[in-house]
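The values are calculated or read from the model by the stated rules, or taken from the named source; none is laboratory data. Note that this is a predicted model, so its numbers are computed, not measured. Note that each Cβ is placed from the backbone with ideal geometry, even for glycine, and that neighbours are counted across all protein chains shown. In case anyone asks, the SASA skips ligands and DNA or RNA and just uses the protein heavy atoms, side chains included. Shrake-Rupley method; radii C 1.70, N 1.55, O 1.52, S 1.80 Å.
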Amino acid sequence: MIALLAVALITLLASIVPGPDFAMVTRASYLHGRRAGLLAALGIALGVQVHVCYTMFGVALLIAGSPAIFTAIKLAGALYLAVIGWKTWANRAGLVIDLHGGAPVPQRQILLNGFLTNALNPKTTLFVISTYTQVVQPGTLLTIQFGYGLCMSAIHLLWFALVALFFSQARFRSRLLRQQRTIDRLIGAILMALGVVLASANMDKL
């Protein structure tokens, strides 16, 4: 239960940090309406599963073949969370979203764009690997590991669906972006704290 809560918290924090996925959903919602934004959010949630599948396979091999390397990767993953926390906290560049060129786009294409945005996103790759290495232990059932992946996708879907709902109404756009700096500092501080705590726990196992 604690591991699932950790997955949910880290996923939520990573999702909120503005990146390509945020920009993609925002643009689709603002230009093409609420339905387009929700389809983009669904595509992003499905894209998470690409990273979940190969991460589960890789973690299983490491646990079976080299527990010491797996523990070292757990430490690296924890440190990565702290690093992205610092980068988020220190970020001073506002998110730039292209809101021009609003020609109609087929709904299937919007879904695919959302999927590819996360399936090809290096940040999502590192996030999923880092999170999985913290919560998966020798003996963790595959059903539980799949559950972690579904939790990640569900949180991505819920967050970006909310983004779509907000940005399909133009008056909320500037209001949300004005708070970006405050949001970045809060999320960054929490991620750094999580990374330090997890790294300390992993150092004890080396």
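The listed residues are ALA82, ALA76, and the only one of them that is small (Gly, Ala, Ser), open to solvent by 30 Å² or more (accessible area, probe 1.4 Å) and at pLDDT 70 or above turns out to be ALA76. Scanning the stretch 111-122 for residues that are out of contact with any Pro (no Cβ under 8 Å at 6 or more places or on another chain) and open to solvent by 10 Å² or more (accessible area, probe 1.4 Å) gives LEU111, LEU112, ASN113, PHE115, LEU116, ALA119, LEU120, PRO122.
Among the residues of the stretch 1-18, write down those that are open to solvent by 60 Å² or more (accessible area, probe 1.4 Å) and part of a helix (DSSP H, G or I). Show your work before the answer.
Start the filter on the stretch 1-18 by keeping residues that are open to solvent by 60 Å² or more (accessible area, probe 1.4 Å), which leaves 1-2, 4-5, 9, 12.
ILE2, LEU4, LEU5, LEU9, LEU12 - these are the residues of the stretch 1-18 that are open to solvent by 60 Å² or more (accessible area, probe 1.4 Å) and part of a helix (DSSP H, G or I).
If you go through the stretch 160-185 and pick out every residue that is modelled with pLDDT of 75 or more, open to solvent by 50 Å² or more (accessible area, probe 1.4 Å) and closer than 13 Å to LEU12 by Cβ, you end up with 1.
Of the residues that sit in the stretch 19-31 and are more than 19 Å from the chain's Cα centre (by Cα) and modelled with pLDDT under 80, which one is surrounded by the most Cβ atoms within 10 Å (Cβ to Cβ)? That would be TYR30.
Among residues of the stretch 127-149 that are more than 27 Å from ASP21 (Cβ to Cβ), those with a Cβ under 6 angstrom from a residue that is not hydroxyl-bearing (Ser, Thr, Tyr), sequence gap 6+ or separate chain, pair up as PRO138/ILE63. Counting just the residues of the stretch 126-146 that are open to solvent by 80 Å² or more (accessible area, probe 1.4 Å) and more than 17 Å from the chain's Cα centre (by Cα), which one comes out modelled with the lowest pLDDT? Result: PRO138.
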